Amino acid sequence: MYRILLLTGIVLFIGCKEAKIEPTAQEIVDRSIEICGGENYLYNTISFDFRGKKYQSIPQGKQKILQRKILTDSTEILDVRSPNGFERFVNDSLVILPDTLATAYSNAVNSVHYFAYLPYGLNDKAVQKRFLGMATIGATEYYEIEVTFNENGGGDDFDDIYIYWFNTKTYKPDYLAYEFHFDGGGQRFRVAYNERIVKGIRFVDYKNHKSPNTATPISSIDSLYTNEGLELLSEIKLEDIKVTQDSYN
């Protein structure tokens, strides 16, 4: 009888190990956003400098007004992307732009803000998330998640594909990659470094790598990085980061 119970216990134990359920892509992203800043992303004004330009994100209800300011000796250009559309001001005067140019400037402003606040944007309505499985980079284990976008609400580059690697212990996105199709297309792989926490929000810089072989599936680009098969293209650094906490937050 004892042997039967013992064998039954062993079988149940092995069965439980085999039935281990990994978190879903949504659960991983939700946990990562909570750890990296949560509602602090939404209810605070955030400003930073990037490549000589000044960026600011201002809360408006549950939406954001995104700004970029370009200063020269005689000119101040203020680009504003809001729920109502895009506007450009030159020395405080509104400038009427062709639609194609306004779209290009609006996308450029949004892109810088988007990457600065990751992983916050991964819960936008147009985002589609898919758990790809487990991956190991160096000696660290990661959850690998693919992000694509609905055509409706996904912007001009809705067909781009993103991959995020979330540390299984910290839930932070240490690596990301994306495949884009404009201007000839290409692949990028970003390595997060220089993490700092400002008023409860995680900010990082990135080492931005280029893949010389776009025939490699974007979901496998981490293997190129591990085998030193990528070219360092640039570094993406945020400077003079400020977070202003609102009185009601």
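The values are calculated or read from the model by the stated rules, or taken from the named source; none is laboratory data. As the structure is a computational prediction, the values presented were derived from the model and not from experiment. Cβ: placed from backbone, ideal geometry, glycine included. Neighbour counts: every protein chain shown. To get the accessible areas, we keep the full protein, side chains included, count just its heavy atoms, and leave off ligands, DNA and RNA. Shrake-Rupley method; radii C 1.70, N 1.55, O 1.52, S 1.80 Å.
Observations on the model:
- Taken over segment 22-57, the criterion of being open to solvent by 50 Å² or more (accessible area, probe 1.4 Å) and in a helix (DSSP H, G or I) is satisfied by Q26, E27, D30, R31, E34, I35.
- Segment 134-149, subset open to solvent by less than 70 Å² (accessible area, probe 1.4 Å) and without any contact (Cβ under 8 Å) to a residue 60 or more places away in the chain, residue nearest to the chain's Cα centre (by Cα): V147
- Looking only at segment 171-203, residues that are over 16 Å from E34 (Cα atoms), among the hydrophobic types (A, V, I, L, M, F, W, C) and either in contact with a Lys or Arg (Cβ under 6 Å, 6 or more places away or on another chain) or touching a residue at least 24 places away in the same chain (Cβ under 8 Å) (or both) come to 5 in all.
- Members of segment 69-98 found to be charged (D, E, K, R), in a strand (DSSP E or B) and either under 19 Å from the mean Cα position of the chain (by Cα) or modelled with pLDDT under 95 (or both), listed by number: R81
- Whichever residue in segment 178-193 is under 15 Å from the mean Cα position of the chain (by Cα) and within 22 Å of K129 (Cα to Cα) and, among such residues, is surrounded by the fewest Cβ atoms within 10 Å (Cβ to Cβ): F180
- Just one of the listed residues (R88, R68) is open to solvent by less than 50 Å² (accessible area, probe 1.4 Å), in contact with a strand residue (DSSP E or B) (Cβ under 7 Å, 6 or more places away or on another chain) and more than 26 Å from D205 (Cα to Cα), and it is R88.
- Within segment 112-133, the set of residues being charged (D, E, K, R) and surrounded by fewer than 17 Cβ atoms within 10 Å (Cβ to Cβ) comprises D124, K125, R130.
- Identity of the residue in segment 194-249, modelled with pLDDT under 90 and in contact with a Phe, Trp or Tyr (Cβ under 7 Å, 6 or more places away or on another chain), that ends up surrounded by the most Cβ atoms within 10 Å (Cβ to Cβ): S211
- The residue pairs whose first member lies in segment 116-129 and is within 22 Å of E195 (Cα to Cα) and free of Cβ contacts under 8 Å to residues at least 12 places away in the same chain, whose second member is hydrophobic (A, V, I, L, M, F, W, C) and open to solvent by 10 Å² or more (accessible area, probe 1.4 Å), and whose beta carbons are closer than 9 Å, counting only pairs six or more residues apart or on different chains, are G121/F115; G121/V127.
- The one condition in (1) touching a residue at least 40 places away in the same chain (Cβ under 8 Å); (2) among the small types (G, A, S); (3) in contact with a strand residue (DSSP E or B) (Cβ under 8 Å, 6 or more places away or on another chain) that G38 fails to fulfil: (3)
- Test: residue in segment 20-39 that is at pLDDT below 95, under 12 Å from V243 (Cβ atoms) and not acidic (D, E): no
- N44 vs. criteria in contact (Cβ under 8 Å) with a residue 60 or more places away in the chain, of a type outside the set (D, E) and touching an Asp or Glu at 6+ places or on another chain (Cβ under 8 Å): yes
- The single condition from (1) modelled with pLDDT of 95 or more; (2) assigned to a strand (DSSP E or B); (3) closer than 20 Å to F48 by Cα that V112 fails is (2).
- When A139 is tested against (1) under 21 Å from N84 (Cα atoms); (2) at pLDDT below 95, only condition (1) is not met.
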